[in-house]
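Student: Could you have a look at this structure, given as structure tokens, before my questions?
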Amino acid sequence: MQRISIRFFLRMILVSMVSSTSLFAQDSTEKLTLEQCVQFAIDNSHDAKIADLELEGAENQIKEIRGTGLPQVNGFATFDDNIKLPTQMLPGEFFGEEGTIPVQFGTNYAATAGVEANQLIFSQSYFVGLQASRASKEYYKLSQLKTDEDIIYQVASNYYNALNIQEQLTILDDNLERLTQLLKIMQVRMENDLVREVDYNRVKVNKTNLETQKNSLLTGLQSQLNMLKYLMGKPMDESMTLDNTAITSFNQDEVLLNNNLEMEQRTEIKILNKQMELYQLDQKNVQSGYYPSLNAYGRYYFQGQQNSFGDMFSEKWFSAAVIGLQLNIPIFDGLQKKYKVAQSKINQSIVAENISKTESYISLEQETASSQLINSLESLEAQEENVTLAEKVYNQTNSLYKEGVSPLTDLLDAETSLREAKTGYNTEVIKIKMAELDLIKAKGQLKLISE
């Protein structure tokens, strides 16, 4: 049993040394504020980069559609080997005979080379397509904004969770420091038979339990920081600590300013409205298929015809040119456009339902965040008073214990109550910050966090 106990305490000492080293390494790094983490994530996260690429793709799509209205120039070349010349029937009168006579026309080889150009003059679909491409670009801009908002919300949530654990570690460190000092005093008193060994061991057990909790919190903090790094696009091997200003400089009045709910600013609603516009343009594009289209074309080419392949490139070729207009008039398409319009109208109805559904959800989100904020603000005041009272009780009990008036049990209970009161206060502050974050999200103003 003694050997197991020694191994156990050696292990605890080593773990404590590693934990202390880890904390020291973190303290030596720059402490990042929430705004810094958010801005880094917007600049470096994978989701943000994907959204940027999608927006760039939308811009290229606009240029592609615009290019269809510009002149289209192509070169062409053909080569024909007339294995068997075609036969045509000519009137016999041409040859002084009756009836018709079969005659073969052409040469064994024929080649053509030239350039042709086409220019769109009028197409209703083209103009609607330009409108749709611009709306599509606006849609991707909103999608990019929504991606940034999602990144901000996720980073802020994980930031607050990590900050909560970080503050719990600070509280534990303070308690461990108090117990360490108490053990030193009790060690001296125990050697002078002024303190029982069982009381000394009881404090030591409490200290060991706190060290175990600290190690567990350190593991949780590291996991939370790794998740934060992942969301930010930050390398995992880089150390990072968080600025606790969000807790230490908490201002209730600033939080209450956010309790002003707005819905029209939500990016989700803007995206759905833009989807509705795109479906309306899609319907308009289908209906524009009933309009005629007009194209101008021109062609300039050379022709060569010879019975000998060797003469194809030695004899003179003959040039030709043609210009013209082509009018396409749609008459009947098997009712395809009719059913495409019907599909587009159905899609618009689905978007309308999604808008109504999203507005209802936003209202629920706003109400929940507002209620949570009010409740947490009320609880925070009680928790603040509780911390003040717990500190007073601990200080009084500590003084009484040193005088030998109060038992050790009361001191340990007071120390536990103080730790729980401080933890409860910090937890309530994090709840308020999360409720504030939800309210900012409900108002569609998450981007303000990065400014």
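Student: Which three extents, in angstrom, do the Cα atoms of the range 282-437 have along their principal axes, listed largest first?
Tutor: For the range 282-437, the Cα spread along each principal axis is 127, 46, 21 Å.
Student: Counting only C-alpha contacts under 8 Å and six or more residues apart, can you give the relative contact order of the range 262-366 as a whole percent? If you can, show how the numbers build up before the last one.
Tutor: Values: 91 pairs, mean separation 41.5, N = 105.
The value is 39 percent.
Student: With the cut-off at 1.5 for a/c, could you classify the range 110-164 from its C-alpha gyration tensor as rounded, prolate or oblate?
Tutor: Numbers: a/c = 10.38, a/b = 3.10, b/c = 3.35.
Oblate, since a/c reaches 1.5 and b/c is not below a/b.
Student: Could you give the dipole magnitude of the chain about its Cα centre, charging the beta-carbon of Lys and Arg +1 and that of Asp and Glu -1, in debye to the nearest 20? Please list the in-between numbers first.
Tutor: Values: 42 positive and 60 negative charges, 131 e Å.
Its charge dipole is roughly 640 debye.
Student: Where only protein heavy atoms count, and the probe is 1.4 Å, what is the accessible area per residue for the chain in Å²?
Tutor: 59 Å²
Student: Determine the alpha carbon to alpha carbon distance for each of LYS137/LYS234; LYS207/LYS392; LYS146/LYS441; LYS49/LYS274 and list only those over 18 Å.
Tutor: Working: LYS137/LYS234 29 Å; LYS207/LYS392 22 Å; LYS146/LYS441 11 Å; LYS49/LYS274 22 Å.
Result: LYS137/LYS234; LYS207/LYS392; LYS49/LYS274 exceed 18 Å.
Student: Rg and Dmax of the range 387-451 over Cα atoms: what are they, in angstrom?
Tutor: Answer for the range 387-451, Rg first and Dmax second: 19.5, 60 Å.
Student: What's the FRET efficiency of TYR290 with SER319 using the Cβ-Cβ distance as r and R₀ = 25 Å, to the nearest 0.05?
Tutor: Numbers: r = 41 Å, r/R0 = 1.62.
The pair TYR290/SER319 has a calculated efficiency of 0.05.
Student: Would you work out what percent of the accessible area of the range 83-170, with all protein chains in place, is carbon or sulfur (probe 1.4 Å)?
Tutor: Working: 2450 of 4570 Å².
Accessible surface attributable to carbon and sulfur in the range 83-170 totals 54 percent.
Student: What is the antiparallel percent of DSSP beta bridges lying wholly in the chain, to the nearest 5? Provide the component values of the computation, followed by the final result.
Tutor: Values: 39 of 41 bridges.
Expressed as a percentage, antiparallel bridges in the chain total about 95.
Student: According to the Cα gyration tensor, what semi-axes, each the square root of 5 times an eigenvalue, does the equivalent ellipsoid of the chain have, listed from largest to smallest in whole Å? Don't jump to the answer; show the numbers that get you there.
Tutor: Details: eigenvalues 1411, 167, 51 Å².
After scaling each eigenvalue by five and taking roots: 84, 29, 16 Å.
Student: Further question: Just flag the chymotrypsin sites (Phe, Trp or Tyr not before Pro) in the range 313-372 sitting in loop per DSSP whose Cβ has no more than 10 other Cβ atoms within 10 Å.
Tutor: Details: sites: PHE313, TRP317, PHE318, PHE332, TYR339, TYR361; in loops: PHE313, TRP317, PHE332.
Sites meeting the loop and neighbour criteria: PHE313, PHE332.
Student: Where the convex hull is taken over the Cα atoms of the range 114-232, what is its projected area averaged over directions, in nm²? Write out the running numbers ahead of the final one.
Tutor: Working: hull surface 53.8 nm².
In nm², the orientation-averaged hull projection of the range 114-232 is 13.5.
Student: GluC sites (Glu not before Pro), restricted to the range 69-101: which are DSSP loop and have at most 11 other Cβ atoms within 10 Å? If you can, show how the numbers build up before the last one.
Tutor: Working: sites: GLU93, GLU97, GLU98; in loops: GLU97, GLU98.
Filter output for the range 69-101: GLU97, GLU98.
Student: Which FRET efficiency value, to the nearest 0.05, do you get for PHE95 and ARG299 by plugging their Cβ-Cβ distance into 1/(1 + (r/R0)^6) with R0 = 30 Å? Let's see the in-between values first.
Tutor: Numbers: r = 35 Å, r/R0 = 1.18.
After rounding to 0.05, the efficiency reads 0.25.
Student: What length, rounded to one decimal in nm, is gained on full extension from ASP173 through to ASN118, with 0.36 nm per residue of separation minus their alpha-carbon distance? Let's see the in-between values first.
Tutor: Working: separation 55, 0.36 × 55 = 19.80 nm, distance 7.89 nm.
The ASP173-ASN118 span can extend by a further 11.9 nm.
Student: Distance between the C-alpha centers of the range 146-211 and the range 299-366? Whole Å please.
Tutor: The range 146-211 and the range 299-366 have Cα centres spaced 71 Å from each other.
Student: Hey, could you pull the Cα Rg and Dmax for the range 284-358, both in Å?
Tutor: 25.5, 77
Student: Still on this structure, I have one more. List the relative contact order of the chain as a percent without decimals, with contacts defined as Cα pairs under 8 Å and 6+ residues apart.
Tutor: Working: 545 pairs, mean separation 106.1, N = 451.
Relative contact order here is 24 percent.
Student: How far apart, in nm, are the 7 Å Cα→Cβ label points at THR409 and SER308?
Tutor: For the pair THR409/SER308, the computed spacing is 12.6 nm.
Student: Debye sum, Cα scatterers, the range 360-417, no solvent: what log₁₀ I/I(0) at q = 0.16, 0.19, 0.21 1/Å?
Tutor: So the normalised log intensities are -0.60, -0.70, -0.77.
The values are calculated or read from the model by the stated rules, or taken from the named source; none is laboratory data. Everything numeric in this text was worked out from a predicted model, so none of it was measured. Cβ atoms come from the backbone with ideal geometry, glycine included; neighbour counts cover every protein chain shown. When the accessible area is computed, the model is the full protein with side chains, heavy atoms only, and any ligands, DNA or RNA have been set aside. Shrake-Rupley method; radii C 1.70, N 1.55, O 1.52, S 1.80 Å.
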